[in-house]
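Read through the structure below, which is laid out as structure tokens, and then see the notes.
The values are calculated or read from the model by the stated rules, or taken from the named source; none is laboratory data. All figures in this text were calculated on a predicted structure; none of them were measured in a lab. Note that we place each Cβ from the backbone using ideal geometry, even for glycine, and neighbour counts take in every protein chain shown.
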Amino acid sequence: MKTKFTLMLIGALVLGIIIGVLATGRYTRHKVVQIKEMGTPEGMHRRFYNLIDPSEDQDELIRPILREYAAQSQEMRQRHWDEHKELFKQVQEKLEPLLKEEQLERLENFKNRSPMQGQMKRDSYRKHKKGRSDTYEDEAPKERRYRNRGN
């Protein structure tokens, strides 16, 4: 009888853990999608529209305004992205004379990667560099955090 109760208790705990992990993953994925959508004109429009929750009378007046500003926001985001790419290009031009061939190749690969590839490469690259003395990994976290702040 005691064994049966113990097994039921362990089973309930394991089931609770599994449900908790799955629910947390689903919630996190939902939030990531919301954040990604906010970077689009449709996402911005939808977010403000749901926030305002206009009446039927207001709807026809509010929708065109939200569409206009969502489009402007997208244009601004694109200009920012273009400026960021130009900045990266300038940094690369300044660094090229100072870097070895292998470093130039990594820099070029970084420039040509997709965002998802970049995350996977960064993770494997960090593992690969772990033993090198010229990386941040061998510094204590506090030293690494304040390294470029002048403290």
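Within the range 69-100, track down each residue that is of a type in the set (A, V, I, L, M, F, W, C) and either in a helix (DSSP H, G or I) or in contact (Cβ under 8 Å) with a residue 12 or more places away in the chain (or both). Within the range 69-100, Ala70, Ala71, Met76, Trp81, Leu87, Phe88, Val91, Leu95, Leu98 meet the criteria.
Of everything in the range 46-60, what is part of a loop (DSSP other than H, G, I, E, B) and either loosely packed, with under 12 Cβ neighbours inside 10 Å or under 26 Å from the mean Cα position of the chain (by Cα) (or both)? Give them in sequence order. Explain how you work it out, then say what you get.
Filtering the range 46-60 down to residues part of a loop (DSSP other than H, G, I, E, B) leaves 53-55.
Listed by number, the residues that qualify are Asp53, Ser55.
Criterion applied to Gln117, Gln78, Gln92 was being surrounded by 11 or more Cβ atoms within 10 Å (Cβ to Cβ) and either modelled with pLDDT of 55 or more or basic (Lys, Arg) (or both), and the one residue passing it is Gln92. Output yes when any residue across the range 61-68 is part of a loop (DSSP other than H, G, I, E, B), touching a residue at least 24 places away in the same chain (Cβ under 8 Å) and either of a type in the set (Lys, Arg) or surrounded by 10 or more Cβ atoms within 10 Å (Cβ to Cβ) (or both), and no when none is. No; the residues of the range 61-68 include none that is part of a loop (DSSP other than H, G, I, E, B), touching a residue at least 24 places away in the same chain (Cβ under 8 Å) and either of a type in the set (Lys, Arg) or surrounded by 10 or more Cβ atoms within 10 Å (Cβ to Cβ) (or both).
Does Glu42 satisfy the condition of being under 30 Å from Arg113 (Cβ atoms) and not hydroxyl-bearing (Ser, Thr, Tyr)? Full working, then the answer.
Working: under 30 Å from Arg113 (Cβ atoms): yes; not hydroxyl-bearing (Ser, Thr, Tyr): yes.
So Glu42 passes the test.
Among the residues of the range 1-45, just one is under 30 Å from Tyr69 (Cβ atoms) and more than 21 Å from the chain's Cα centre (by Cα), namely His45.
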